[in-house]
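Reading through the structure tokens given below for one structure.
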Amino acid sequence: EAGVTQSPTHLIKTRGQQATLRCSPISGHTSVYWYQQALGLGLQFLLWYDEGEERNRGNFPPRFSGRQFPNYSSELNVNALELEDSALYLCASSLAVGQVEQETQYFGPGTRLLVL
Amino acid sequence: AQSVAQPEDQVNVAEGNPLTVKCTYSVSGNPYLFWYVQYPNRGLQFLLKYITGDNLVKGSYGFEAEFNKSQTSFHLKKPSALVSDSALYFCAVRDPNRDDKIIFGKGTRLHILP
């Protein structure tokens with residue numbers, strides 16, 4: 001069974017540009033989560049999508065946005081990039097809310113974003 | 001509000017010795033608790049979880065964790081450390097009575113010394 005996949009693996013942008021990161025969940029998983037892992041700051045929760053809807057959002061500015069498609073894959077968009085957006089962006093997926101096993105999140109390898 | 005704390009930024013253990021990585025939590029009800037491991041330049045890998053039942057939970061790679069409700073702790077343990085256990089370990093908690101996200105600790109870097 002394929003795990004969570006993310007693309008691209010690396011992304012280099014300049015300040016002010018936009019970045020689009022993609023995530024494909026494990027087959028059968030309907031929830032997708034996005035996290036930012038900046039150096040020395042642990043895992044910061046960004047967004048949670050389930051069945052196409054945004055379920056929860058972390059303390060990030062509106063220029064961080066995303067969406068979930070009918071096939072449950074997801075996109076994270078970061079507009080007006082700033083130098084401090086440089087980080088590893090991790091996507092995770094889980095089963096639908098309400099199933100006890102849904103509490104286990106399975107992570108992709110991440111997209112490393114570098115803003116110059 | 002729910003929260004999780006990993007009081008140690010780094011833990012050093014000699015190979016072959018037992019290891020413990022500490023985690024304490026705060027939730028209003030009975031928690032769901034998780035441990036994940038992250039190897040360099042990789043995503044997080046699920047190790048184990050406590051949902052309900054036996055307080056001692058066994059997981060991958062010989063790791064185990066004990067849920068202690070009175071001390072609100074969920075420490076990760078392994079009887080005999082391997083150099084390959086060196087990685088970044090994250091504890092996470094969720095309050096199942098709240099429609100809310102999982103909260104991750106800031107991580108503990110484990111160094112196993114040969």
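Count, please, the residues in the stretch B:22-39 that happen to be away from chain A (no Cβ under 11 Å), in a loop (DSSP other than H, G, I, E, B) and either within 14 Å of A:LEU43 (Cα to Cα) or of a type outside the set (A, V, I, L, M) (or both).
The number of residues fulfilling the criteria is 5.
Do we have any residue at all in the stretch A:8-16 that's more than 13 Å from chain B (Cβ to nearest Cβ), over 20 Å from B:CYS91 (Cα atoms) and without any contact (Cβ under 8 Å) to a residue 60 or more places away in the chain?
no
Results for (1) at pLDDT below 95; (2) in contact with a Lys or Arg (Cβ under 7 Å, 6 or more places away or on another chain); (3) part of a strand (DSSP E or B); (4) crowded, with 18+ Cβ neighbours inside 10 Å, shown as yes or no for each residue.
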residue	(1), (2), (3), (4)
A:GLU1	yes, no, no, no
A:GLN6	no, yes, yes, yes
A:HIS29	yes, no, no, yes
A:TRP34	no, no, yes, yes
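For residues that are surrounded by fewer than 22 Cβ atoms within 10 Å (Cβ to Cβ) and β-branched (Val, Ile, Thr), scanning just the stretch A:83-116, find the one that is modelled with the highest pLDDT.
Result: A:VAL115.
Restricted to the stretch B:2-21, and to residues that are of a type in the set (A, V, I, L, M) and surrounded by fewer than 17 Cβ atoms within 10 Å (Cβ to Cβ), which residue is nearest to A:GLY42 (Cα to Cα)?
B:ALA5
Do we have any residue at all in the stretch B:96-107 that's at pLDDT below 95, assigned to a strand (DSSP E or B) and in contact with a strand residue (DSSP E or B) (Cβ under 8 Å, 6 or more places away or on another chain)?
Yes, the conditions are met somewhere in the stretch B:96-107.
Residues B:PHE74, B:PHE104: which one is facing chain A (nearest Cβ under 9 Å) and in contact with a Phe, Trp or Tyr (Cβ under 6 Å, 6 or more places away or on another chain)?
Step by step, each of B:PHE74, B:PHE104 is checked, and only B:PHE104 is facing chain A (nearest Cβ under 9 Å) and in contact with a Phe, Trp or Tyr (Cβ under 6 Å, 6 or more places away or on another chain).
Do we find that B:PRO79 is surrounded by fewer than 20 Cβ atoms within 10 Å (Cβ to Cβ), farther than 28 Å from A:GLU54 by Cα and either away from every other protein chain (no Cβ under 11 Å) or in contact with a Phe, Trp or Tyr (Cβ under 7 Å, 6 or more places away or on another chain) (or both) in this structure?
yes
Which fully enclosed strands (runs of 3 or more DSSP E) of the stretch A:42-107 have 2 or more residues being in contact (Cβ under 8 Å) with a residue 60 or more places away in the chain?
A:87-94
Consider only pairs whose beta carbons are under 6 Å apart and that are at least six residues apart or on different chains; among these, list those whose first residue lies in the stretch B:35-64 and is among the aliphatic types (A, V, I, L, M) and whose second residue is assigned to a loop (DSSP other than H, G, I, E, B) and surrounded by 17 or more Cβ atoms within 10 Å (Cβ to Cβ).
Between residues of the stretch B:35-64 that are among the aliphatic types (A, V, I, L, M) and residues that are assigned to a loop (DSSP other than H, G, I, E, B) and surrounded by 17 or more Cβ atoms within 10 Å (Cβ to Cβ), the close pairs are B:LEU47/B:GLY59; B:LEU47/B:PHE63; B:LEU48/B:GLY59.
The values are calculated or read from the model by the stated rules, or taken from the named source; none is laboratory data. All figures in this text were calculated on a predicted structure; none of them were measured in a lab. Cβ atoms come from the backbone with ideal geometry, glycine included; neighbour counts cover every protein chain shown.
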